[in-house]
Amino acid sequence: MAKRIIKTYDQEFRSQAVKLAQEIGGHKAATELGLPDSTIYTWVKAFKGGRLEAKDAVHTPSNALSLNEELIELKKRVKELDKENHHLKEVNEFLEEASAFFAASRRKSTKNRD
């Protein structure tokens, strides 16, 4: 039975590989570095997902555009969440006031019974 050799690559190598893949394409970078295409694509995907830090990684126009679109979407989401948070704070305040009102009226009614 053949023994499988598992290679590990340091962070710097992976960062440089991602940079190269962004410059010349994943397939060419994999061929040039002697790596399987799937390895390069996994590293690029990890970089895009924020799980791999690639120092000095190149942002191509299409990559920059998708990052800009993602930023716009995230800003919209933050704005929506801020509105929802503000609304929930108002509702919570109202419920606290209502709770205090009913607690006070309950105390009054028990005093009047005595």
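The values are calculated or read from the model by the stated rules, or taken from the named source; none is laboratory data. Values in this document were obtained by computation on a predicted structure and should not be read as measured data. Backbone-built Cβ (ideal geometry, glycine too); neighbour counts: all protein chains shown. Heads up: the accessible areas ignore ligands, DNA and RNA and are worked out on the full protein's heavy atoms, side chains in. Shrake-Rupley method; radii C 1.70, N 1.55, O 1.52, S 1.80 Å.
Rolling a 1.4 Å probe across all protein chains gives residue 14 an accessible area of roughly 70 Å².
Using a 1.4 angstrom probe on the protein heavy atoms only, could you order 18, 44 from most to least accessible area?
Numbers: 18 0, 44 25 Å².
The most accessible residue leads, giving 44, 18.
Can you figure out the FRET efficiency of residue 80 with residue 102, using R₀ = 41 Å and their beta-carbon distance, to the nearest 0.05? E(calc), rounded to 0.05, equals 0.80.
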